[in-house]
1. Mind checking which lysines have their C-alpha under 28 Å from Lys404, skipping anything on the same chain fewer than 8 residues away?
2. Restricting to Cα pairs below 8 Å that are 6+ residues apart, what does the relative contact order work out to for the chain? Please round to a whole percent.
3. DSSP loop (so not H, G, I, E, B), at most 12 other Cβ within 10 Å: list which GluC sites (Glu not before Pro) in the stretch 28-82 pass both filters.
4. Please label the shape of the stretch 310-376 as rounded, prolate or oblate, based on the square roots a ≥ b ≥ c of the eigenvalues of the alpha-carbon gyration tensor (a/c under 1.5 means rounded; beyond that, a/b larger than b/c means prolate, else oblate).
5. Mind listing P(r) for the stretch 347-420? All alpha-carbon pairs, 5 Å bins, whole percents.
6. For the chain, modelled as a Gaussian network with Cα springs under 10 Å, which listed residue fluctuates most, Ser120, Ser338, Ser187?
7. For the chain, with all protein chains present and a 1.4 Å probe, just round the carbon and sulfur fraction of the accessible area to a whole percent.
8. Under the rule a/c < 1.5 gives rounded, and otherwise a/b versus b/c splits prolate from oblate, where does the chain land using the Cα gyration tensor?
Amino acid sequence: METKVVKFGGSSLASAEQFKKVAAIVLAEPARRFVVASAPGKRFSGDTKVTDMLYGCYEKAAKGEEFDKEFECIEKRFTDIIEGLGLELSLEKEFTRIKDAFAHMAGRDYAASRGEYLNSKILAAYLNFEFVDPAGYIKFDETGAFDLDTTREKLGERLSKTEKAVIPGFYGSMPNDTIKTFSRGGSDITGSIVANAVDAVIYENWTDVSGFLVANPTIVDNPVPITTITYKELRELAYMGAGVLHEDAIFPVRRAGIPINIRNTNSPEDEGTFIVSETAQTSQYTITGIAGKKGLSVIQIEKDMMNSEIGFGKNVLRALEKNNLSFEHMPSGIDTMSVIVSSDALIGKEKSVLDEINFRCHPDKLEIENNLALIAVVGRGMRKARGTAGRLFSALAHARINVKMIDQGSSELNIIVGVEEEDFEAAIRAIYDMFVLSV
Ligand code: ASP
């Protein structure tokens, strides 16, 4: 039988109402055998995620302060769900054990992981699935790096013995068996790991949006959804800030050639977005997506005969390295070079960076310009389509937007343009209009 791994995010499991939707989705297909669950997330805007409550509560416990009140609020989030579902389940013993562990400094990661742990206990009881604790099977090495090979073996073997199971997301364990979590949003990674371990046909990641959209909906009105995107395209868009999926969630499934399908728990009839390694499906609009970010600075360097000076680029980069700065892009001309860095990272280091470049490179002109935004236009279809760059720049020209920088990735998968921060939104709308609306 085919096996699908389904992961539900915090907002999908924030309340009894949401649990009911989740159960309907899981039980609708017998292939949905392995369910990865997040901790209860926000029920409404302004609400607090249980994971954040756990961090806060443990902080108090670790300082030796009273944490009863905080702990009670956490308990209530779970008992409300149990009652709302009408389940005959008591977590009292679990609560006592966890509270005791808090008082004995069981560790911040242990504390944070209990949200997924308890929520999965409830979901397993509600679905009548087995509960499998990832602590014994999802393994990190001594350095704290996730160990896919060991995990695949242990978890694969454990799950081969069960028909249907709920597995808490977000954590595993160290070689000495202490609990370790992934970074925030890490249940996405667990889902990907489980899919890898059971050789799933698909990894369904259920959240509160119907997949990726071609552009940010706070900038463009009702942007069209992306139906299919490759891992490479996603990486480009994610780098520019298009979030939905944890970045590290890609490699376990990518390695095994398993597609990811982003779906919406609140709108299960939507097909969502498929993330695949290769696809023959061309995107309808030449471009797959547009994303961007503000808050960048450009270090502009000019020097006559730069092109023939051996080691010039290296010296510029050494100057950054000495200041512990990484760069985002580095477009260059014959006698000019622009180094784009995050403004936040540059703050406070401006003088020492400029001094260092002056000292190493003796440029004719050197200055920093702030308030730059970058926009990436990404699409696997661009390689074959003629005139993409032409359309892009005429769209920006028509909108009277000055392009400050252009960078086309060598994969021809994306074109990056730099614009003034104040032109950012207008530029994205102009590009969207050109490539999507006018098609
Ligand atoms: N509950 C964890 C967090 O809030 C992990 C997750 O939901 O993916 O970051």
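1. List returned: Lys232, Lys293, Lys294, Lys303, Lys314, Lys322, Lys349, Lys351, Lys365, Lys384.
2. Relative contact order here is 13 percent.
3. In loop regions of the stretch 28-82 (DSSP not H, G, I, E or B), the sparsely surrounded GluC sites (Glu not before Pro) are Glu65, Glu66.
4. oblate
5. The distribution over the stretch 347-420 is 3, 12, 19, 15, 14, 12, 10, 10, 4, 0, given as percents.
6. Most flexible of the set in this elastic network: Ser338.
7. That fraction is 48 percent.
8. The shape class here is prolate.
The values are calculated or read from the model by the stated rules, or taken from the named source; none is laboratory data. Treat the numbers as computed from the prediction; the structure is a model and nothing was measured. All Cβ positions, even for glycine, are placed from backbone atoms using ideal geometry, and neighbour counts span all protein chains on display. Calculation scope for accessible area: heavy atoms of the full protein, side chains included, ligands and nucleic acids excluded. Shrake-Rupley method; radii C 1.70, N 1.55, O 1.52, S 1.80 Å.
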